[in-house]
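Quick notes on the structure that follows.
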Amino acid sequence: MVVAHRFRWFGWFVLCVSVILGCYLMSSRVAAERNKLAAIESSIARTQRDITALETEFDTRASFAQLQRWNGVRWVTLRRARLGLRSRAEFRATLPRGRSTVRIAFSVNQAGGGYLGATSLVLRVTVRR
């Protein structure tokens with residue numbers, strides 16, 4: 001009994017040390033999860049900014065054709081071709097002498113289900129004959 005009474009402080013010491021270690025380990029796990037959460041939140045914010053930029057670009061490109069029509073830009077359809085997954089098409093056009101501005105457009109209706117329409121960059125061509 002005397003021995004158990006003398007080692008009572010040792011039992012309290014071991015209990016306190018184990019509680020402190022448990023709290024430390026728990027707080028370090030919480031800090032690690034908090035860092036992971038912060039990284040995920042920054043990734044979500046970056047993705048939302050990218051989505052906003054892409055939506056703005058799509059809206060701008062969608063209104064670009066309308067702006068060209070209002071400014072009197074004339075569209076000429078050279079040829080239409082039905083394309084498949086592995087098909088190629090070559091378009092030959094007779095351009096007038098001098099400088100011409102060419103852009104290739106592929107509408108959503110021609111692209112088909114699940115595909116997007118597209119336009120090329122503006123090509124400036126000079127014909128010398």
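Here are the numbers for the structure shown:
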item: Other-chain or far-sequence residues with amide H under 5 Å of G117's (modelled H); result: V108
item: Residues whose placed amide H lies under 5 Å from that of V102, excluding near-sequence neighbours; result: L123, R124, V125
item: Around S42: net Lys/Arg minus Asp/Glu count, Cβ-Cβ under 12 Å; result: +2
item: Cβ-defined net charge surrounding R97, 11 Å radius [Lys, Arg +1; Asp, Glu -1]; result: +3
item: q = 0.17, 0.27 Å⁻¹: log10 I(q)/I(0) that the Debye formula gives for segment 3-56, counting C-alpha atoms only; result: -0.70, -0.94
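Any read-out appearing in this document is the output of simple, stated calculations on the displayed coordinates, not a laboratory observation. Quantities reported herein were computed from a predicted structural model and do not represent experimental measurements. Neighbour counts run over all protein chains shown; Cβ positions are idealised from the backbone, glycine included.
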